[in-house]
Number of protein chains: 2
Amino acid sequence: MNKNNLEIYLDADNCPVRNVLDRIGDKWSVLVILLLGDADTLRFNEIHKYIGTISQKMLTVTLKKLEADDLIHREVYPQIPPKVEYNLTERGQSLLPNLKNLVSWANDHMMEMKK
Amino acid sequence: MNKNNLEIYLDADNCPVRNVLDRIGDKWSVLVILLLGDADTLRFNEIHKYIGTISQKMLTVTLKKLEADDLIHREVYPQIPPKVEYNLTERGQSLLPNLKNLVSWANDHMMEMKK
DNA sequence: AATATTAATTACCTTAAGGTAAGTGTCTTA
DNA sequence: TAAGACACTTACCTTAAGGTAATTAATATT
């Protein structure tokens, strides 16, 4: 057994698995990142309409968390009615391939898993 | 914007992102998979000791879910006291690289993120 | 005047995740 | 005879995630 890997996974306070899942393991974060990865730039209501089933509250909460982690950038246009645009940061872009790999793994294997 | 990808991500009832996160997006699943990926075969109490902070209850719940999704295999030895060994299935093995990529992304980026 | 628009915010509620602590069965060992 | 090992199971409780619905500010449109 590889002690190095074990130490990395299990170092309780500094566990990368925990850190990453605590941030994007919620119901909506990954979806928003993938969406912005494809769409480049989207306004609040555009994301809201695309996802369809997300509540306004959870969309703002999700966007704020992603912004706090520097995964998305938020650009406010000082006009009325308000206009706010979102797009991925460099860090968000760097996460994208990992998520897309997960998606394609899911497409390959999820069908066979019974509900 | 790529309509194909969007349709894949957003198809509410059949969304691969949701499917995969619903199954391994919980607090312990990924950790257990990574552990079994390194250790090959582990008994219940070995996993319990390695992770340290997981409760017995959550370990059994986690293992049962992973087994139901055919991500880990459970081998019972009919002896007393009981002996049960766990290891990754082929499907679990196929997920492993994706998770390791996520871990290494986390190692590269999580330090910079403030708590 | 009244209504629509946009991106939130707030109060309230429900559900689910996960923790603690105790108990189970069967055998072995001190 | 009592305790220990092992892999759970059960009852109970707390916390957090996420949902609904109403409200906001400032302006343009009808």
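Let's see how each residue does on (1) assigned to a helix (DSSP H, G or I); (2) within 12 Å of DNA strand C (Cβ to nearest atom); (3) in contact with a helix residue (DSSP H, G or I) (Cβ under 7 Å, 6 or more places away or on another chain); (4) at pLDDT below 95:
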| position | (1), (2), (3), (4) |
| --- | --- |
| B:Asp13 | yes, no, no, yes |
| B:Asn19 | yes, no, yes, yes |
| B:Asp22 | yes, yes, no, yes |
| B:Lys49 | yes, no, no, yes |
| B:Leu59 | yes, yes, yes, no |
| B:Glu67 | yes, no, no, no |
| B:Pro81 | no, yes, no, yes |
| B:Asn87 | no, no, yes, no |
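Within the bounds of the range A:102-110, is there any residue that is within 16 Å of DNA strand C (Cβ to nearest atom) and not in a helix (DSSP H, G or I)?
Step one: of the range A:102-110, the residues within 16 Å of DNA strand C (Cβ to nearest atom) are none.
So far as the range A:102-110 goes, no, none of its residues is within 16 Å of DNA strand C (Cβ to nearest atom) and not in a helix (DSSP H, G or I).
Tally time: how many residues in the range B:37-65 are open to solvent by less than 40 Å² (accessible area, probe 1.4 Å) and without any contact (Cβ under 8 Å) to a residue 40 or more places away in the chain?
8
Out of the range A:80-115, which residues are of a type in the set (Ser, Thr, Tyr) and over 25 Å from B:Asp70 (Cα atoms)? Break it down into steps so the answer makes sense when it comes.
Filtering the range A:80-115 down to residues of a type in the set (Ser, Thr, Tyr) leaves A:86, A:89, A:94, A:104.
If the condition is that a residue be of a type in the set (Ser, Thr, Tyr) and over 25 Å from B:Asp70 (Cα atoms), then A:Tyr86, A:Thr89, A:Ser94 are the ones that fit.
Which one of A:Ile80, A:Ile24, A:Ile33 is within 21 Å of B:Val20 (Cα to Cα) and within 11 Å of DNA strand D (Cβ to nearest atom)? Spell out how you get there, then give the answer.
Numbers: A:Ile80 fails: within 21 Å of B:Val20 (Cα to Cα); A:Ile33 fails: within 11 Å of DNA strand D (Cβ to nearest atom).
Among A:Ile80, A:Ile24, A:Ile33, only A:Ile24 is within 21 Å of B:Val20 (Cα to Cα) and within 11 Å of DNA strand D (Cβ to nearest atom).
Working only within the range A:73-87, note down all residues that are within 15 Å of A:Leu36 (Cα to Cα) and either more than 13 Å from chain B (Cβ to nearest Cβ) or surrounded by fewer than 15 Cβ atoms within 10 Å (Cβ to Cβ) (or both). Show your work before the answer.
Here is the first cut: in the range A:73-87, the ones within 15 Å of A:Leu36 (Cα to Cα) are A:73-75, A:84-87.
Residues satisfying the conditions are A:His73, A:Arg74, A:Glu75, A:Val84, A:Glu85, A:Tyr86.
Test each condition in (1) among the charged types (D, E, K, R); (2) more than 8 Å from every other protein chain (Cβ to nearest Cβ); (3) more than 25 Å from B:Arg91 (Cα to Cα) for A:Glu7 and report the one that comes out false.
Condition (3) is where A:Glu7 drops out.
The values are calculated or read from the model by the stated rules, or taken from the named source; none is laboratory data. All values derive from a computational prediction rather than experimental measurement. As a convention, Cβ positions derive from the backbone with ideal geometry for all residues, glycine included, and neighbour counts pool all protein chains shown. The area values use the complete protein model at the heavy-atom level, side chains included, leaving out ligands, DNA and RNA. Shrake-Rupley method; radii C 1.70, N 1.55, O 1.52, S 1.80 Å.
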